[in-house]
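Worksheet: one structure, shown below.
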Amino acid sequence: MLIREATPDDWPRIWPFWHRIVAAGETYAWDRDTSEEDARSLWMHPAKRVYVTEDGTGAVVASAYLTPNYAGPAARIANAGFMVDPDRAGRGTGRALAEHVLAAARAEGYRGMVFNAVVETNPAVRLWTSLGFTILGTVPDAFEHPRDGRVGLHVMHRAL
């Protein structure tokens, strides 16, 4: 597994699983009908450092971004987003990518990382807690899950 910084040419390989994950409406608080152009702008924004994970064949199987969560005097708190191709889930790809991004955030001088809206039914909550994130609070009934109905959104944090 190779984790590297993404290039603009990686977007066509990210988009299929990005679209599949967001369209499912289970884990991201983004419009399920986000256009490819808007998705590219959200994920590949120049203010974000974007990473991809390639499998042994060179296929892009996951992506993440790293960016400041706040501005000004609070800009040393990071935010990140992660997506693993659902067909590749459960193989350690998400954990490896998360560990890589956490190390990159530390190396860039971030003091902590915060996730603003982790769907409480998202299986990744287990990954984040195993990596030292804590749930600071939960906004109840904030997310319309397609199967589970209204569920909460966790705010999670980890010091770096």
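The values are calculated or read from the model by the stated rules, or taken from the named source; none is laboratory data. Predicted model, so just to flag it, every value in this text is computed and none were measured. Note: ideal-geometry Cβ built from the backbone for every residue, glycine included; neighbour counts use all protein chains shown. Note: areas computed on protein heavy atoms with side chains; ligands, DNA, RNA excluded. Shrake-Rupley method; radii C 1.70, N 1.55, O 1.52, S 1.80 Å.
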- Message: Checking GLY56 against (1) touching a helix residue (DSSP H, G or I) at 6+ places or on another chain (Cβ under 9 Å); (2) in a loop (DSSP other than H, G, I, E, B); (3) within 23 Å of MET1 (Cα to Cα), only one condition comes out false. Which one?
- Response: (1)
- Only unsatisfied item for ASP141, checking (1) on the phi < 0 side of the Ramachandran plot; (2) assigned to a strand (DSSP E or B); (3) open to solvent by 30 Å² or more (accessible area, probe 1.4 Å); (4) not aromatic (Phe, Trp, Tyr), is (1)
- Task: Can you give me the number of residues within the stretch 69-97 that are closer than 16 Å to TRP43 by Cα and touching a helix residue (DSSP H, G or I) at 6+ places or on another chain (Cβ under 8 Å)?
- Result: 7
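Would you please name the residue that is farthest from the chain's Cα centre (by Cα), looking only at residues in the stretch 31-43 that are open to solvent by less than 40 Å² (accessible area, probe 1.4 Å) and not aromatic (Phe, Trp, Tyr)? Quick ask: steps written out before the conclusion?
Kept after step one, since they are open to solvent by less than 40 Å² (accessible area, probe 1.4 Å), are these residues of the stretch 31-43: 34, 39, 43.
Checking the rest, the ones that are also not aromatic (Phe, Trp, Tyr) come to 34, 39.
Details: THR34: 16, ALA39: 13 Å.
That would be THR34.
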- Query: Would you say ILE77 is free of Cβ contacts under 8 Å to residues at least 60 places away in the same chain and open to solvent by 40 Å² or more (accessible area, probe 1.4 Å)?
  - Reply: no
- Task: Can you tell me which residue among LEU102, LEU97 is surrounded by 15 or more Cβ atoms within 10 Å (Cβ to Cβ) and in contact (Cβ under 8 Å) with a residue 60 or more places away in the chain?
- Result: LEU97
- Message: Restricting to the stretch 1-25, and then to whatever is in contact (Cβ under 8 Å) with a residue 24 or more places away in the chain and outside any helix (DSSP H, G or I), can you tell me which residue is least open to solvent (accessible area, probe 1.4 Å)?
- Response: GLY25
- Query: Looking at the stretch 147-155, is at least one residue open to solvent by 30 Å² or more (accessible area, probe 1.4 Å), closer than 19 Å to ASN69 by Cβ, β-branched (Val, Ile, Thr) and in contact (Cβ under 8 Å) with a residue 40 or more places away in the chain?
  - Reply: yes
- Being part of a strand (DSSP E or B) and either among the hydroxyl-bearing types (Ser, Thr, Tyr) or open to solvent by 40 Å² or more (accessible area, probe 1.4 Å) (or both) narrows it down to one of TYR70, TYR65, TYR28, so name that one. TYR65
